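Asks: Once you've had a glance at the structure underneath, I'll fire off some questions.
The values are calculated or read from the model by the stated rules, or taken from the named source; none is laboratory data. On a predicted model such as this, the values are computed, not experimentally measured, just so you know. All Cβ positions, glycine included, derive from the backbone under ideal geometry; neighbour counts span all protein chains shown. In case anyone asks, the SASA skips ligands and DNA or RNA and just uses the protein heavy atoms, side chains included. Shrake-Rupley method; radii C 1.70, N 1.55, O 1.52, S 1.80 Å.
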Amino acid sequence: VVKFRRTGESSRSDEDGISGEHEVQIEGVRTELEPVELGDGAAVPKEFANPTDDTFMVEDAVEAIGFGKFQWKLSVITGLAWANAMEMMILSILAPQLHCEWRLPSWQVALLTSVVFVGMMSSSTLWGNISDQYGRKTGLKISVLWTLYYGILSGFAPIYSWILVLRGLVGFGIGGVPQSVTLYAEFLPMKARAKCILLIEVFWALGTVFEVLLAVVVMPTLGWRWLLILSALPLLLFAGLCFWLPESARYDVLSGNQEKALATLKRIATENGAPMPLGKLVISRQEDRGKMRDLFTPHFRWTTLLLWFIWFSNAFSYYGLVLLTTELFQAGDVCSISSRRQEVQAKCSLTCEYLTEEDYTDLLWTTLSEFPGVLVTLWIIDRIGRKKTMALSFLVFSFCSLLLFLCVGRNVLTVLLFIARAFISGGFQAAYVYTPEVYPTATRALGLGTCSGMARVGALITPFIAQVMLESSVYLTLVVYSGCCLLAALASCFLPIETKGRGLQESSHKEWGQEMVGRGSHSPG
C-alpha cells in the first residue's frame, strides 16, 4: 500500500472533491514500506526517484538549482580575473614616468601603450578558439597565468626594448581574460544573468581605482617597478583559487562528457542546497566547436557583423573620451583649444613632467564615473532589453559630445564628460551581457573573442582621432565620435535577436532560444 496526501498544489480532476489521505493497492509489491514525509523544499530521496523517460537539459538544471552559494564564489573568483583592469590603468601612470626616467621621445611613449592593444587584438580570437576547443576553464587559466608571468617579469625590464616586448606579451594574455564572462554566464540562471555579469564588471572599476591608490603609495617610495609587480596581485589570487573552478557543464555536454557535466551540476546543487531535476541529462548533438564559419551562418551573419561594429564603436569612443578628457581639462573648454594650440610653441619631445598628486586625483575622479554607469545599466537592462540599453547608451554619449560644441565652463564640462563616460562604459557592459547570450555554446567563446578583438582595433585607431586630428580641428574630432556612436545606436536597434528573458542556446542546429521557448507546449503525441 502506498499512501499519499494531497497538498493542494497539484491540479485535481472534477471527481476529486475531497483532500486527505488516499490508498492504492498494488499487486505483487512488498508491503513492508514505511511512510516518509518530506520537509518543504527538501530534495526527493534517490530511492523514491523512480526511473522515467523524463529528460532535462543543462539549462533546465541551472534554472532549477538557481542562484546560491556556488554563484557567489564564482562571482568573486572570475571578478579577480576581471580586475586585470589594473594592467590597463597602469599604462596612463607608467608612460609619463618612463618618459622622464629613460628620456624617451613621445613616439616611444605612445608605442608603449599601442603595443598592449596590438597584443590584445592579435590574441582575442585565439583565446576564444582555445576556450571553445579545449574548455572555458582551460582558456581562462592559461591566459591569466600568461598575463601574471609577463606582468611580473616586466617589472625587471632593464631597457626600453625589453619592456616593450614584455608589455606586448601582457596584452596578448589580457586578450583572453574576457573569457571569464563566458564561463561565468554559463552557470547563471536566466533571471540573474544580466545583473550578475554587470556586477562582475564592478571589479573592472575597482581594479582601476585600486591601481590609482596603489600608485599614490608606491610611486614616490618604491618606484614603477614595484608598481608593476604589485599590480599583478589580483591575478595572483586568481591563480591560487582557480583549482576550485569547475569546467562549464554546457561545454562538457557539447563535447560528449555527460558524466562530468552531471557531476558538476550535482556539485552546484549540493553547494546551493537545491534539488536536482529528475530524469536523464540530454546529450547535445556533438559538433565542431570554435569554427569561424559558424559565426557567419544565415542565423548569425548579421548579428556578428553588427556586433563587431558595436564593439569597435564602444572601445573607439570609450578610450577616445579618456584621451580627450585630459586635453579638454588642460584647455578649460572646447573653444580654448584652438587658441591654446596657436599660442603654445613646439616643445622638445624629451620635455617631461612627472605625475602630481592633482593628476592622480583627476584620474581617480574620472574612473569613479564608471560606477554610476554600472548602476544605470543594471536598472534598465532587464526593463527595456539589451538592444535598447546599448542604443540608449550610444545616444546619450553622442548627445553629450555634441553639447561640447558649446563654450561651457569647467564645471559643466566636467558634468558632460562624467555623464558621457558613465553611459559609454554602461554600453560596453551591456555588450558583455548580450554577446555571450546570443551565441550558442559551440561558438560562444569565439564570438566573444572576435568581438573583443574588434574592440581593440577601435582602441588602436582612437589616438589618431583624439590626439592627431584634435591638433587640426576639435569640432571635426567631436563630429567623428558623435557620428560613430549614432551609427552604433542604429546597429544596436537592427540586431535581429533580443536575448532578454531567453535561455542560452546549447546547439547551433536548433532554432534560437528553443531551449526555453515553447518547451512543454507540444502535445504528448
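Asks: Calculate the spin-label point distance for Val165 paired with Ile384, positioning each point 7 Å from the Cα along the beta-carbon direction, and give it in nanometres.
Replies: The modelled label-to-label distance comes out at 5.0 nm.
Asks: What's the carbon and sulfur percent of region 53-284's accessible surface, probe 1.4 angstrom, rounded to a whole number?
Replies: Roughly 69 percent of what the probe reaches on region 53-284 is carbon or sulfur.
Asks: Then there's this: Given the pairs Lys266/Lys291; Lys266/Lys388; Lys137/Lys291; Lys141/Lys280; Lys69/Lys280; Lys69/Lys141, which are separated by over 29 angstrom at their Cα positions?
Replies: Values: Lys266/Lys291 31 Å; Lys266/Lys388 37 Å; Lys137/Lys291 19 Å; Lys141/Lys280 31 Å; Lys69/Lys280 25 Å; Lys69/Lys141 22 Å.
The pairs that break the limit, which is 29 Å between Cα atoms, are Lys266/Lys291; Lys266/Lys388; Lys141/Lys280.
Asks: If you don't mind, another one. Which Rg and Dmax, in Å, describe the Cα atoms of region 53-284?
Replies: Spelled out, the Cα radius of gyration and Dmax of region 53-284 are 20.2, 74 Å.
Asks: Which whole-percent values make up P(r) of region 162-227 when all C-alpha to C-alpha distances are grouped in 10 Å steps starting at zero?
Replies: Calculated P(r), rounded to whole percents: 17, 31, 32, 16, 4.
Asks: Suppose the chain between Val216 and Met292 were pulled fully straight at 0.36 nm per residue; how much longer would it get relative to their current alpha carbon spacing?
Replies: The Val216-Met292 span can extend by a further 22.9 nm.
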